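To start, the structure itself, in structure tokens.
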Amino acid sequence: MLKLRDGIVELYRKVATSIPTDVEEALKRAQAEEAEPLARESLDIILKNISLARTTSRPLCQDTGFPVFFVKVPRGLSHQLIKDVIRDATRLATQKVPLRPNAVNSVTEKNTGDNVGELFPLIYTEEIPEQTLTVDLMLKGGGSENIGQLYKLPAVLESGEGEGVPAERDFEGVRKCVLDAVFKAQGRGCPPYTIGIAIGGAKDQVTALSKRQLMRRLNDVHPDAALSAFETGILREVNALGIGSLGFGGRATALGVKIAAAERHPASYFVDVSFACWANRRGRLVW
């Protein structure tokens, strides 16, 4: 398991210091197409920062985030063992990458100093029949985490004019929720955003599911035609809001929108909206 531990340390290094290719290419396209001077300049600075972080092997952002793991574990391999290895790797990565210590005890307010604590890092595991272990890591920044929103439909949303906007239990209601979340976020979460959306029947279900959507590649196509069209339409509407890169205006408010829909109880209709900042730091280790 030492090789796996060391592999996860290197996964931390890769994710903290380099942007996935699909995200970088989307930022380059956004910069080339941007007409707003301040927004274009901010995208230029972002791209220079990406290049500098990669060449110097330094973290892209001073906030190296909340580590979130999605692990597919072969049948017969202990899930607890894998979690223990990840926690050990997290301690090492905090020293070697280095990562900013972000694990703060919610009772004592003391920082653990090594990014390991109660449910920190956050590790989701699932059993698979294949014999390959797949470890997906997201370093989730605090700013983008704070702007996420959970909705229970039907609901009445506040509009900019102070009048209530009804959101019913349908795609139109979901659309209103997403636009409401983006409008409330403005530039506080460091756009251009990647936006994850989930529909379902339980609160904890949709919050985890929307965050998982942030792991999808920007150029993938949802296998469900209705959801694929919904993703495309929402992205277009979000970018029409004019919030733009880092809130400086322009057309690049979001790079991608990804949605998942789970089965729900007839009495419940929850919508969760998660955000990743421009530095959508994610990566994979196959072992």
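The values are calculated or read from the model by the stated rules, or taken from the named source; none is laboratory data. All values derive from a computational prediction rather than experimental measurement. Note that each Cβ is placed from the backbone with ideal geometry, even for glycine, and that neighbours are counted across all protein chains shown.
For segment 4-29, enumerate the residues that are more than 24 Å from Pro101 (Cα to Cα) and out of contact with any helix residue (DSSP H, G or I) (no Cβ under 7 Å at 6 or more places or on another chain).
If the condition is that a residue be more than 24 Å from Pro101 (Cα to Cα) and out of contact with any helix residue (DSSP H, G or I) (no Cβ under 7 Å at 6 or more places or on another chain), then Thr21, Asp22, Val23, Glu25, Ala26, Arg29 are the ones that fit.
Pairs only if they're at least six apart or on different chains, beta carbon under 6 angstrom, first in segment 114-137 and within 17 Å of Leu285 (Cβ to Cβ), second assigned to a strand (DSSP E or B) and basic (Lys, Arg); list them, first residue then second.
Glu126/Lys72; Ile128/Lys72; Thr134/Lys72; Asp136/Arg284
Residues that are farther than 30 Å from Leu241 by Cα and among the basic types (Lys, Arg): does segment 156-172 have at least one?
Looking for residues that are farther than 30 Å from Leu241 by Cα and among the basic types (Lys, Arg), one finds none in segment 156-172, hence no.
For every residue, the table says whether it meets (1) modelled with pLDDT of 95 or more; (2) surrounded by 24 or more Cβ atoms within 10 Å (Cβ to Cβ); (3) under 29 Å from Ile82 (Cα atoms).
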| position | (1), (2), (3) |
| --- | --- |
| Leu235 | yes, no, no |
| Gly244 | yes, yes, no |
| Gly247 | yes, no, no |
| Ala252 | yes, yes, no |
| Lys258 | yes, yes, yes |
| Glu263 | yes, no, no |
| Pro266 | yes, no, no |
| Val271 | yes, yes, no |
| Ser274 | yes, yes, yes |
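Answer yes or no: is there a residue in segment 242-261 that is outside any strand (DSSP E or B) and farther than 30 Å from Glu34 by Cβ.
No, because not a single residue in segment 242-261 is outside any strand (DSSP E or B) and farther than 30 Å from Glu34 by Cβ.
State which residue is nearest to Asp6 (Cα to Cα) when the search covers only segment 38-94 and only residues that are touching a strand residue (DSSP E or B) at 6+ places or on another chain (Cβ under 9 Å) and basic (Lys, Arg).
Within segment 38-94, the match that is nearest to Asp6 (Cα to Cα) is Arg87.
Out of all the residues in segment 175-192, which are touching a helix residue (DSSP H, G or I) at 6+ places or on another chain (Cβ under 8 Å) and closer than 14 Å to Gln149 by Cα?
Result: Arg175, Val178, Leu179, Val182, Gln186, Arg188, Gly189.
So, restricting to helices (runs of 4 or more DSSP H) that lie completely within segment 1-84, which ones have at least 2 residues that are free of Cβ contacts under 8 Å to residues at least 24 places away in the same chain and under 27 Å from Gly250 (Cβ atoms)?
Fully inside segment 1-84 and qualifying: 21-33, 37-56.
Would you confirm whether or not segment 115-123 contains a residue that is assigned to a loop (DSSP other than H, G, I, E, B), buried (at least 23 other Cβ atoms within 10 Å of the Cβ) and at positive phi?
Yes, segment 115-123 contains a residue that is assigned to a loop (DSSP other than H, G, I, E, B), buried (at least 23 other Cβ atoms within 10 Å of the Cβ) and at positive phi.
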